[in-house]
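The values are calculated or read from the model by the stated rules, or taken from the named source; none is laboratory data. Because the structure is a prediction, the values reported are computed rather than measured. So basically every Cβ, Gly included, is an ideal-geometry build from the backbone, and we count neighbours across all protein chains shown.
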Amino acid sequence: MGIFNGLTINASGLALERLKLDTISSNIANVNTNQTQTTAAYQKKSILFSENLKNSREGTPATYGVKVTGIAADETEKLTYDPSNPAANAEGYVGQSNVDIADEMVAMLQAVRTYEANVSASEMNKTILKKALEISKG
């Protein structure tokens, strides 16, 4: 494990949380994007991620933070009865966005707090590296 691995892990966490916030913002912006005659209703998006493992010199897996593995759309259907709508199906139902604004706000708060925790950890990591340099000078 190198001396900059901590910063690499923090940077990957920061990038992940930024992407989560971008996705949440997109979900909130499309909360009222419903089905039309030519387009489907907006489907909530979420980020898929996993631990980023690489083999170390010793041959054992070492973590290098997180990596995004994809963006998934929630295909849960939300229908509203509106037979007068031109986009309604044969039964009179129209597809609506499946974004729940309350859930998105909770997810946004969680992403912001996780981002802040990563920033704090990154700052602490920099402080430790500075102290190590001071020790090596003296």
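In table form, for the structure just shown:
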{"quantity": "Inter-residue pairs, beta-carbon under 9 Å, first in a loop (DSSP other than H, G, I, E, B) and at pLDDT below 90 and in region 40-58, second surrounded by fewer than 14 Cβ atoms within 10 Å (Cβ to Cβ) and of a type in the set (A, V, I, L, M, F, W, C), 6+ apart", "calculated": "SER56/MET1"}
{"quantity": "Selected residue (only one of LYS78, LYS67 is more than 19 Å from ILE9 (Cβ to Cβ) and either in contact with a strand residue (DSSP E or B) (Cβ under 6 Å, 6 or more places away or on another chain) or without any contact (Cβ under 8 Å) to a residue 12 or more places away in the chain (or both))", "calculated": "LYS78"}
{"quantity": "Test result for VAL66, of a type in the set (A, V, I, L, M, F, W, C) and farther than 16 Å from THR33 by Cβ", "calculated": "yes"}
{"quantity": "Unique residue being modelled with pLDDT under 95 and hydrophobic (A, V, I, L, M, F, W, C) when the list is ALA15, ALA11, ALA29, ALA73", "calculated": "ALA11"}
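Here's the yes/no breakdown for (1) surrounded by 12 or more Cβ atoms within 10 Å (Cβ to Cβ); (2) over 14 Å from the mean Cα position of the chain (by Cα); (3) among the hydroxyl-bearing types (Ser, Thr, Tyr):
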position: SER46; (1), (2), (3): yes, no, yes
position: THR63; (1), (2), (3): yes, yes, yes
position: THR80; (1), (2), (3): yes, yes, yes
position: GLY92; (1), (2), (3): yes, yes, no
position: GLN96; (1), (2), (3): yes, yes, no
position: LEU109; (1), (2), (3): no, no, no
position: SER120; (1), (2), (3): no, yes, yes
